[in-house]
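The values are calculated or read from the model by the stated rules, or taken from the named source; none is laboratory data. In this text the structure is predicted, and so the values were computed from the model without any measurement. Note that we place each Cβ from the backbone using ideal geometry, even for glycine, and neighbour counts take in every protein chain shown. To get the accessible areas, we keep the full protein, side chains included, count just its heavy atoms, and leave off ligands, DNA and RNA. Shrake-Rupley method; radii C 1.70, N 1.55, O 1.52, S 1.80 Å.
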Amino acid sequence: MSVTQILFWFLSLLAVGAAIGVIASRNPVYSVLWLIVVFFAISGHYILMNAQFLAIVNIIVYAGAIMVLFLFVIMLMNLNAEAEPAKHLYLKMAGLISGLCLLIVFVAALSGSAEAKNVGQLGGSNIGLIKNLGRALFNDYVIPFEISSVLFLSAIVGAVVIGKKE
Amino acid sequence: MDLLLINWAVFTEKLILIIAVVSGSLVIAMYSTYAERKVAAILQDRKGPNRAGPFGLFQPLADGLKLFFKEEIIPNFSSKFLFILGPCLAMLTAMMIGAVIPWGNMLHFFGRNISLQIADVNIGILYVFGVVSMGVYGIMIGGWASNNKFSLFGALRAASQIISYELAMGLALIALLMVTGTLSLKEMVGQQMDSYWNFFKQPLGFLIFLICAFAECNRTPFDLAEAENELVGGYHTEYSSMKLGFYLFAEYINMFLSSAVMVSLFFGGYDIPFLNDTALITKIGVNWVTIIQSVILFMKIAGFLFLFMWVRWTIPRFRYDQLMNLGWKILIPLSLFNMMITGALILLKQNHWHF
C-alpha cells in the first residue's frame, strides 16, 4: 500500500467512526465535537484529491463557523442527557430503517454513474486548485454563482429583519 | 515497500525546521511575558521584574516553575476529557500558524537549497484563517467543560468576539488579495521585495487587519473575555497550574505569530528595507543574506510585539456593546468600502487610468 492509500483508509475509517460517534454519544456537545472530526476527515479527503481550496473552505466555513454556532446554541440551552426524553423502541427502529433506505439509494445512485469514477481519478488533476476553480466559477458558471450570491444577500437581509426589535 | 520511498533528506530538514519554529515560538512567547512586564513598568514609571537573574531575565523561568508546582485542580462535575482538551487545543492551534510563514528565503547547505518555510501551500493565508477559526474551540470547550456559569459566559463572550472580528479581518484581506493576486505568503513576500510594501498599497486594510488581530488575540482593548471587574476570570476561571499556563501562553504565541503574519502580509516579510537583496546575494552569498533577512524579520516582529504591549498599557478596555458596534457597524462597512475602492483602482489601472 502506498502512503496515499494508507491515508485514504485512515481518513475513511476516521470519518465513519466519528459519524457513528455523532449519533451514538449521549451528550449533544460531544456530538458536535464528533461532527467536527468528521469535517476534518472529509477535508483530508479533499487534500488527497488535490483540492486544497475546498479542503480549507470546508474547515473555515463548516468546522470553523457553523459548528461554533451549533456549540453556542447547545451550550446556552444546556441540553443534558438526563433531560432528553426516552424514545420508543419502534421509533428508533423506524429511524434505523429509513436511514438504511437512504444509504441504499445513495449507493445505487452513485455506483453506476460516471461521476463517481471521475472523482476517484481527481488525485492527479489540478481542477480543485483555487486558480482553476475561480476560472470555472467566473467563466462557465457565472450566472448560477451570481444567483446564489443574491440568495445569500437576501438571506442576510432576512436575518437582519427577523433580528430587529419591533 | 513503497513506505520507504519518502525523501529522507526533505523529511529531516522539515523535521528540524518544525522543531526550530515550535521551540523558537515557545521561547519568544516566554520572553514576551518578560517584555510585557518590563514595558508595563516603563510606561508606569516602575522598575519591573529585576530580582531573578541579571535584569530579571530569569523571571519567565521562575513563573513557569511556579505554574508547574501549583496544585492541579479538576472540578468534580466537569467532563474531564474536555477539560484537558481545551488548553491543549488552544496551544495546538496557536502553534500551527507557524507552518506557512516564510521565516527567510533559503539556506544552501550540503548542495541542497533548504527553504525556510515549513509548507509553501498555495492556499497559505487561507490556512491561517482555518487555524484561527479553530482557535475558538479551545476557548469554548474549556469554558463549557468547567461546568461553571462564569466560565461559560467568558467563553461565549470570547467566542462571539473572535467570530465577529474574523469577518472584518477576512474582508480586509480580500482587498489585499486583489492587489497581490496570490494566496501564498512566500509569493506575497517576493512581490513586496520587488516593489513597495503592501502597507503603502493597503493602509486602510492594514489598519482594519491590525485591529482585528488585536481582537483575535483577546488582547486589550478587546480582552473582554477576562474582564476581571465584570466576570470572575473569564473562560479559565476554573483552571489552575499549567493548564492555566497553557491558555495564558497560547495568547503570547498567538501574538507572536499574528505579528509574523502581519509583517509578511503588509511589511515585506523578510525583505531588507532600502536594499537590493539580489545584489547582496552575489556579494556575500545566499546563507549570510538569509540570516540577515531572518534577523530583519524578527526585528519587525519585535516591533509589532512592542505595539501590542504599548496599546495594552495605554488604551482602556471597551464595553461589550461598543466592541460589537465597532466590529459589525464600523469595521465591516469600512472593509467593504476598502474592497470597492481597491477594485475600482485596479480596474482603472488595467484601463491605463482612463475612465
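With a cut-off of at most 14 other beta carbons within 10 Å, and DSSP calling the residue loop, which trypsin sites (Lys or Arg not before Pro) in segment B:272-355 qualify? Please list them.
In loop regions of segment B:272-355 (DSSP not H, G, I, E or B), the sparsely surrounded trypsin sites (Lys or Arg not before Pro) are B:Arg319.
Taking all protein chains as present, what is the carbon and sulfur share of the accessible area of segment B:74-350, in % to the nearest whole number, probe 1.4 Å?
Its accessible area is 72 percent carbon and sulfur atoms.
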| What are the radius of gyration and Dmax of segment B:74-350, computed over its Cα atoms and given in Å? | 20.1, 66
| remark: Per DSSP loop assignment and a cutoff of at most 13 other beta carbons within 10 Å, chain B keeps its longest run without exposed GluC sites (Glu not before Pro) at B:73-227
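With a/c under 1.5 counting as rounded, go ahead and sort the protein assembly as shown into rounded, prolate or oblate using the C-alpha gyration tensor (a ≥ b ≥ c being the square roots of the eigenvalues; past the cut-off, prolate if a/b is larger than b/c, else oblate).
Note, shape of the protein assembly as shown comes out rounded.
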| request: Could you list the chymotrypsin sites (Phe, Trp or Tyr not before Pro) in segment B:65-104 that lie in coil according to DSSP, counting only those with at most 13 other Cβ atoms within 10 Å of their Cβ? | output: B:Phe77
| query | For segment B:76-130, what size does the Cα cloud have along each of its three principal axes, sorted from largest down, in whole Å? | reply | 58, 26, 12
| message | Restricting to Cα atoms and excluding each atom paired with itself, what does the Kirkwood estimate give for segment B:129-171 in Å? | response | 10.6
| task | Taking just the C-alpha trace of segment B:35-118, give me its Rg and Dmax in Å. | result | 20.3, 59
| field | Radius 11 Å from Cβ of B:Ile84, net charge of other residues (Lys, Arg +1; Asp, Glu -1) | value | +1
| field | Where the Cα pairs of segment A:1-84 fall when distances are cut into 5 Å bins, in % | value | 3, 16, 20, 21, 17, 11, 7, 4, 2, 0
| field | Net charge over other residues, Cβ less than 11 angstrom from the Cβ of B:Gly48 (K, R count +1; D, E count -1) | value | +3
| task | Measure out, as a whole number of angstrom, how far apart the alpha-carbon centroids of segment B:78-136 and segment B:203-221 sit. | result | 20
| remark: Highest GNM mean-square fluctuation among B:Ala250, B:Ala41, B:Ala172, for chain B with Cα springs under 10 Å, belongs to B:Ala41
| note | Distance in Å, no decimals, from the C-alpha centre of segment B:287-320 to the one of segment A:135-163 is 39
| message | Show me, for segment B:37-46, the HN-Hα J-couplings you get by feeding each phi into the Karplus relation (A = 6.51, B = -1.76, C = 1.60, θ = phi - 60°), rounded to Hz, glycine and proline as x. | response | 5, 5, 4, 4, 5, 5, 5, 9, 6, 10
| query | Across the residues of A:48-58, average count of Cβ atoms on other protein chains within 10 Å? | reply | 3
| request: Using DSSP to define loop residues, name the trypsin sites (Lys or Arg not before Pro) in segment B:44-129 whose beta-carbon has at most 16 other beta-carbon atoms within 10 Å. | output: B:Arg46, B:Lys47, B:Arg51, B:Lys70
